[in-house]
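Engineer: I have a structure here, written as structure tokens, and I will follow up with some questions on it.
The values are calculated or read from the model by the stated rules, or taken from the named source; none is laboratory data. For clarity, every value in this text was computed on a predicted model and none was experimentally measured. Cβ atoms come from the backbone with ideal geometry, glycine included; neighbour counts cover every protein chain shown. Please note that ligands, DNA and RNA were not included when accessible areas were found on the heavy atoms of the full protein model with its side chains. Shrake-Rupley method; radii C 1.70, N 1.55, O 1.52, S 1.80 Å.
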Amino acid sequence: MSKIVRGYWAMTWLGLFANISALPIIGVIAFAGPPLQAANISLAFSIAWPAAIVGIVACSGLLAERQWGVILTIIALSMALSASLPYGIVRLIIVNDSQTISGLSLAMALLNLLSLIYWCRPIHRRTRRL
């Protein structure tokens, strides 16, 4: 990299480990039990696992310092945010468990939003990579 962007490598490695660890965690939550089990399974297959897989591919692009890695990261974070925020709100209203999965989902939505803001900064598009 010709110009060092603060937090680039830390966010890349953190994202890679988070996406890899998200795969089994999504499976455990999806098949955990009765409250909203049909919604959990459908969200796991339709958006959660695909977002995690796109995130892993995006992190590999970021580790290789490819320009498309930033774009794919923005797509993966948008996918995760589009599922975690509405799911957390609906689950909080219906099940009212702010200390468990609803709280975790809303916390993940907040982290995804902050990460999305970081990766949308113009410095990532101006920095010349391979």
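Engineer: Contour minus end-to-end for Trp49 and Ile89, with contour as 0.36 nm per residue of separation and end-to-end as the Cα-Cα distance?
Structural biologist: Values: separation 40, 0.36 × 40 = 14.40 nm, distance 1.99 nm.
Value of the extension gain: 12.4 nm.
Engineer: With labels modelled as points extended 7 Å from the Cα through the Cβ direction, what inter-label distance (nm, one decimal) is found for Thr100 paired with Ile41?
Structural biologist: If labels sit at Thr100 and Ile41, their model points lie 1.8 nm apart.
Engineer: Sticking with this structure for a sec: Given labels modelled 7 Å from the Cα in the Cβ direction, how far is it in nm from Ser82 to Gln67?
Structural biologist: 2.5 nm
Engineer: Roughly how big is the chain's charge dipole about its Cα centre, with Cβ charges of +1 (Lys, Arg) and -1 (Asp, Glu), in debye to the nearest 20? Can you show the working numbers first?
Structural biologist: Details: 9 positive and 2 negative charges, 151 e Å.
With Lys and Arg at +1 and Asp and Glu at -1, about 720 debye.
Engineer: Computed from these coordinates, which is Cα Rg over 2.2 N^0.38 Å: [x] 1.12; [y] 1.05; [z] 1.36?
Structural biologist: Recomputing Cα Rg over 2.2 N^0.38 Å here gives the entry labelled [x].
Engineer: Further question on the same structure: Just the accessible area per residue of the chain, please: how many Å² with a 1.4 Å probe? Please report the intermediate quantities before stating the final value.
Structural biologist: Numbers: 7410 Å² over 130 residues.
Per residue, the chain has an accessible area of 57 Å².
Engineer: Moving on to the next point. Angle check, please: helix 67-94 long axis (alpha carbons) against the longest principal axis of the chain (alpha carbons), in degrees 0 to 90, nearest 10.
Structural biologist: That helix lies at roughly 20 degrees to the long axis.
Engineer: While we're on this one: Looking only at Leu72, Leu104, Leu85, which one moves most when the chain is put into a Gaussian network model with springs between Cα atoms under 10 Å?
Structural biologist: The residue with the greatest mean-square fluctuation here is Leu104.
Engineer: Farthest toward the dipole's positive end in the chain, which of Ala107, His124, Ala38, given Cβ charges of +1 (Lys, Arg) and -1 (Asp, Glu) about the Cα centre?
Structural biologist: Towards the positive end, the residue furthest out is His124.
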